[in-house]
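The values are calculated or read from the model by the stated rules, or taken from the named source; none is laboratory data. Quantities reported herein were computed from a predicted structural model and do not represent experimental measurements. Heads up, the Cβs are rebuilt from the backbone with ideal geometry, glycines too, and the neighbour counts pull from every protein chain shown.
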């Protein structure tokens with residue numbers, strides 16, 4: 001994964017907010033202008049955008065691309081709009097509410113397959129560093145690294161949780177016929193709505 005500078009992280013966070021504002025101003029607004037502002041972020045990368053209430057941090061939306069199926073710039077813009085309007089857990093964000101939300105952008109490394117014995121899988125998961133993704137038939141689930149830290153999970157609890165996120169029994173990560181991956185992230189987040197952007201380490 002290419003390491004981004006703080007300035008680049010700021011650009012991504014600002015573009016994410018701009019994309020949401022543009023969509024709020026016009027339902028038929030084109031994202032082309034925001035894509036253009038991120039034309040230098042033209043390499044394929046996975047990315048997630050998380051929206052949370054300030055100052056308590058309650059989740060308000062989180063959507064993204066786990067795989068590098070498009071450029072980083074487009075992934076951030078599309079994820080931002082989807083997090084604001086298409087996360088099925090929440091109603092759409094309003095214009096007045098946006099001024100109370102924190103924007104967070106997570107840039108993902110490539111997915112690394114997790115295999116081996118149950119013990120080997122547990123040893124391979126590093127809390128605070130790794131995120132997890134699991135696929136089993138039509139079911140899939142992903143949890144960013146920060147979730148395990150916030151919930152104070154052990155590696156086993158983290159693996160159980162990503163199974164539950166996918167809608168499958170929590171011990172299915174032990175099965176040989178599931179596809180299990182880990183990944184790392186570089187995270188940039190507003191310290192307050194529309195405020196200074198910091199890299200979260």
Within the bounds of segment 176-186, is there any residue that is assigned to a strand (DSSP E or B), out of contact with any helix residue (DSSP H, G or I) (no Cβ under 9 Å at 6 or more places or on another chain) and surrounded by fewer than 21 Cβ atoms within 10 Å (Cβ to Cβ)? yes
Considering 101, 144, which residue is under 26 Å from residue 1 (Cβ atoms), in contact with a strand residue (DSSP E or B) (Cβ under 8 Å, 6 or more places away or on another chain), in contact (Cβ under 8 Å) with a residue 12 or more places away in the chain and buried (at least 17 other Cβ atoms within 10 Å of the Cβ)? 144
Give me the pairs: first residue in segment 24-40 and in contact (Cβ under 8 Å) with a residue 60 or more places away in the chain, second residue assigned to a loop (DSSP other than H, G, I, E, B) and surrounded by 10 or more Cβ atoms within 10 Å (Cβ to Cβ), beta-carbon distance under 6 Å, and six or more apart or on different chains, which are they? none
For segment 47-146, which strands (runs of 3 or more DSSP E) that fit wholly inside it have 1 or more residues that are not assigned by TED's automatic domain parsing to the domain that holds residue 178? 59-65, 101-108
The conditions are (1) in contact (Cβ under 8 Å) with a residue 40 or more places away in the chain; (2) within 17 Å of the chain's Cα centre (by Cα); (3) surrounded by fewer than 15 Cβ atoms within 10 Å (Cβ to Cβ); (4) over 18 Å from residue 46 (Cα atoms), and residue 190 fails exactly one of them. Which is it? (3)
Unique match (being at negative phi, at pLDDT below 95 and outside the structural domain of residue 69 (by TED's automatic domain parsing)) among 176, 170: 176
